[in-house]
Amino acid sequence: MKFIQPPGRYIVLALCVLGPMLGAGYIFTLDMAPAPPFPDWLQKMGLIAILVASGIGAERFVTALKPEKATTAAWQWAACFAGILYTINPFVYSRFMAGQYRVLLGYALLPFFAAAFVTLMREPGWRKALLASIWLVAISIVSIHTVGLAVLVALVFGVLWFWRHRANTVWRKKAGWSVVMLGGAMLLANSYWLLPALLGHGSTAEAVAGFGSADLAAFATNADGFGWLGNVLALQGFWADTKSLYIVPMDVYSWWWAPWLGLWLLVLFGVYKSWKVQRGLAIALVALIFIAALLAIGTAGTLAKPINEFLIHYIPFFAGYREPQKFVALIALAYAYFGAVAVAALAQWAQGHAHNQKRAPFVVLPVFALPFLAAPLMLWGFNGQLQPGLYPAEWYSVNDYLQRVDPQAKVLFLPWHMYMRFDFAGRVIANPADRFFANPIIISSDPEMAGAKSYTSNSDQQALQSSILPAALAGDKNVAKNLRMLNIRYVIVAKELDYKRYGFLGTQPGFSLVQETASVTVYKVNDSE
């Protein structure tokens, strides 16, 4: 059977996923709310690139670990399956629906680094160390959290290869220097934020220091479905899956659990076959699954809780993983390899019994359905949940007006929510006003998620959140005066969610109505009452 070669097959796969989303307008999801002047076509190209890179990266990773006994024809099936499984799964689905494109970019680059590191361990040298460091630095640019995952990959494979060459002094010396070069390049490239953070300064240090028990509870791995351990082993358990922000398979299909029984059996078969031909590698990847599962459960699970609490308190920056389910990406990477080994074994068995390759598709193709059944809502616009949306024309009009009359004026945007439902998006998204409007815009920085308070806020936001707006909603008549103290000159009220709570602005002294349309109201804060 002839294959569409990568990247062609993953471009086709990406179009099957994103096809209905490619019309005019932006794709809005929870944490992904782009705004002009960022072009909508570039957003869509980026989303396509994530899926294509995920598939190609997974193929490159499993090919770097290809067993010697696997035939080229069988491994073509295997690599294709690995790429599809790494691209189509519940982890990717949930992160797309939550709009965590940076996490997905890091996820897409992770197997490229893993493949480069395996190549480095096989033939240590400065060139291969440089290549691996380029991938690692690229990961750090798009998703600093994924760096920790890459370090775990390097640790597991490093231990495996150093054990294999424990008696080879020449190899150990070359490999040791190569790893030092890799780590040095990574530290040098990130020294601009890493050094201040280690000294307790900068936004990274402040954010990590702000993480507390409320944040861990708000973003804890959920147990709905298979339980904590079962969920992370099924590449799910993302905290947002239970918040009614989008549908998940168990909301729609009574059989949602069945494909995972098939995938787990396939992975176990792959572990068995790998154990027979590459025992050390099988142990390393099973260890990676075990470590990742333990970390992905976080402080939610009974057995994992004390271990993760220890890491949070004593390992620098580990507290930054307030959302531990990210470690599931490592399980997906290991599944890609074990799934590939299993598919290769099935393909070789079929080819051997038929004495040609014609029988292989009838044996292997049913297995290819498993990733799609395990994430059945990903295809065709995420089951129609995501469609392109356009900002209201009135938003453009208000932006033009403010830029014309006072381009530097500070503007308060209401309703006061960091996340809320916007009609033009058709769902709950992060408030995009500070990106859309050219003026300095003040929006809420409170996620309103189970008391999580780790989001940074400036003095204006703190004053509005703690005193000015609560007093205004309670009937205080000095709202305009309080806003002038913050040098706020205009107030935009988008007619979304609970906007009627702010109707008092129309009768308060110190405000003048500037514009009122079907979707927005604009007030000017007068210089005097």
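The values are calculated or read from the model by the stated rules, or taken from the named source; none is laboratory data. Note that the structure is a prediction, hence the values are computed from the model and not measured. Glycine gets a Cβ as well: all are built from the backbone with ideal geometry, and neighbour counts include every protein chain shown. The protein model used for the area step is the full one, side chains on, heavy atoms only, and it has no ligands, DNA or RNA in it. Shrake-Rupley method; radii C 1.70, N 1.55, O 1.52, S 1.80 Å.
Restricting attention to region 35-50, the residues being open to solvent by 20 Å² or more (accessible area, probe 1.4 Å), within 18 Å of Arg95 (Cβ to Cβ) and not aliphatic (A, V, I, L, M) number 1. Taken over region 385-402, the criterion of being open to solvent by less than 40 Å² (accessible area, probe 1.4 Å) and not in a loop (DSSP other than H, G, I, E, B) is satisfied by Gly389, Trp395, Val398, Asn399, Leu402. Scanning region 146-175 for residues that are touching a residue at least 24 places away in the same chain (Cβ under 8 Å) and open to solvent by 60 Å² or more (accessible area, probe 1.4 Å) yields a total of 4. Under the condition of being within 37 Å of the chain's Cα centre (by Cα), assigned to a helix (DSSP H, G or I) and either touching a residue at least 40 places away in the same chain (Cβ under 8 Å) or closer than 21 Å to Leu402 by Cα (or both), the residues counted in region 484-500 number 1. Residues satisfying the criterion are absent from region 56-63 (criterion: of a type in the set (Gly, Ala, Ser), surrounded by 15 or more Cβ atoms within 10 Å (Cβ to Cβ), out of contact with any Lys or Arg (no Cβ under 9 Å at 6 or more places or on another chain) and under 16 Å from Gln387 (Cβ atoms)). Here Ala340 does not qualify as open to solvent by 10 Å² or more (accessible area, probe 1.4 Å) and in contact (Cβ under 8 Å) with a residue 60 or more places away in the chain. Scanning region 81-108 for residues that are open to solvent by 10 Å² or more (accessible area, probe 1.4 Å) and closer than 17 Å to Tyr337 by Cβ returns a single hit, Ile84. Note on region 462-485: residues that are open to solvent by less than 30 Å² (accessible area, probe 1.4 Å) and under 18 Å from Tyr419 (Cα atoms) total 2. When Pro67 is tested against (1) surrounded by 15 or more Cβ atoms within 10 Å (Cβ to Cβ); (2) assigned to a helix (DSSP H, G or I), exactly one condition is not met: (2). Selection of first residues in region 176-204 that are assigned to a helix (DSSP H, G or I) and of a type in the set (Val, Ile, Thr) and of second residues that are modelled with pLDDT of 80 or more and open to solvent by less than 90 Å² (accessible area, probe 1.4 Å), restricted to Cβ pairs under 7 Å at least 6 apart or on distinct chains, gives the following pairs, ordered by first then second residue: Val179/Gly158. All of Tyr523, Tyr502 fail the test of being touching a Pro at 6+ places or on another chain (Cβ under 8 Å), modelled with pLDDT of 95 or more and farther than 30 Å from Asp241 by Cα, apart from Tyr502.
The residue of region 498-513 that is most open to solvent (accessible area, probe 1.4 Å), among those that are farther than 25 Å from Met418 by Cβ and in contact with a helix residue (DSSP H, G or I) (Cβ under 8 Å, 6 or more places away or on another chain), is Leu513. Kindly indicate the residue of region 11-29 that is under 21 Å from Thr87 (Cβ atoms) and assigned to a loop (DSSP other than H, G, I, E, B) and also most open to solvent (accessible area, probe 1.4 Å) among those meeting that condition. Once the filter is applied, the top-ranked residue is Leu22.
Within region 420-478, which residues are more than 22 Å from Leu402 (Cα to Cα), among the aliphatic types (A, V, I, L, M) and part of a loop (DSSP other than H, G, I, E, B)? Within region 420-478, Ala425, Met449, Ala450, Ala452, Ala474 qualify. Looking across region 403-414, the residues that are surrounded by 17 or more Cβ atoms within 10 Å (Cβ to Cβ) and either under 12 Å from Pro432 (Cα atoms) or without any contact (Cβ under 8 Å) to a residue 24 or more places away in the chain (or both) come down to Phe413, Leu414. Scanning region 247-279 for residues that are open to solvent by 30 Å² or more (accessible area, probe 1.4 Å), in contact (Cβ under 8 Å) with a residue 40 or more places away in the chain and of a type in the set (Gly, Ala, Ser) gives a single hit, Ala258. Pro447 passes every criterion in (1) surrounded by fewer than 19 Cβ atoms within 10 Å (Cβ to Cβ); (2) without any contact (Cβ under 8 Å) to a residue 60 or more places away in the chain apart from (2). Here Thr221 meets the list (1) at pLDDT 85 or above; (2) within 30 Å of Met121 (Cβ to Cβ) almost entirely, failing just condition (2). Taking the stated definitions as given, is Ile488 aliphatic (A, V, I, L, M), in contact with a Lys or Arg (Cβ under 6 Å, 6 or more places away or on another chain) and surrounded by 16 or more Cβ atoms within 10 Å (Cβ to Cβ)? Yes; evaluated as a whole, the condition is true for this residue.
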